[in-house]
Amino acid sequence: MAHGCIIVMDLDRFEELSKAKGWSEYTPNIITGTLTLLVEDFIRKHFAVVIYGLDEIRGTEEVILEIPNYKMEDLNVILEDLENIRRKIEELGGSISIAITFGPISGQPAKNRREAYSNPLRRRALRLLRKAKRSGGNRIVIG
């Protein structure tokens with residue numbers, strides 16, 4: 001197993017926003033469509049692997065990425081791009097929380113959400129993400 005970086009992104013209170021705006025959950029809207037494009041750009045730039053969640057058909061609400069052979073010392077390189085993603089979603093009227101962890105990664109895409117979070121490091125990232133959401137969301141946390 002290689003070492004690297006795990007990034008988990010999830011839109012905050014998105015179900016409430018979708019209902020308020022009258023958006024369908026089955027087609028991309030301005031926020032989920034934009035997030036899909038931003039994540040695709042991030043993947044190309046940083047050679048990330050999509051583990052779960054990138055959805056071009058319905059739009060992306062949650063995504064798990066892994067970047068192989070990435071060290072915490074290189075964090076500033078991706079932090080700026082993640083902050084740009086957070087800021088653009090905020091400009092569109094949404095909110096997104098992002099969690100970053102470092103350690104052993106598999107680099108293997110998951111078949112479903114349950115499998116995606118079966119890795120202990122991904123579960124740690126999910127706990128960080130939930131903690132950020134409980135404290136108001138719209139932030140990037142590192143652990």
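Every number here is computed from the coordinates shown, using simple stated rules; none is lab data. Since we're looking at a predicted model, the values are computed, not measured. Note that we place each Cβ from the backbone using ideal geometry, even for glycine, and neighbour counts take in every protein chain shown.
Summary of values
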| quantity | calculated |
| --- | --- |
| Distance from region 64-143 to region 1-60 (C-alpha centre basis), Å | 11 |
| Proximal aspartates and glutamates to residue 131, defined as alpha-carbon separation beneath 14 angstrom and excluding residues fewer than eight positions away on the same chain | 10, 12 |
| Neighbour cut-off at most 14 other Cβ (10 Å), DSSP loop, GluC sites (Glu not before Pro), region 54-143 | 56 |
| Given charges at beta-carbon only (K, R positive; D, E negative), |dipole| of region 2-142 in Debye | 600 |
| Volume per residue of the C-alpha convex hull in region 2-65, rounded to whole Å³ | 72 |
| Relative counts (whole %) of C-alpha pair distances in the chain, using bins that are 5 Å wide | 2, 10, 21, 24, 22, 13, 5, 2, 0 |
| Equivalent ellipsoid semi-axes - Cα gyration tensor, region 69-143, angstrom | 22, 16, 12 |
| GNM top mover of 13, 86, 130 - the chain, alpha-carbon springs below 10 Å | 13 |
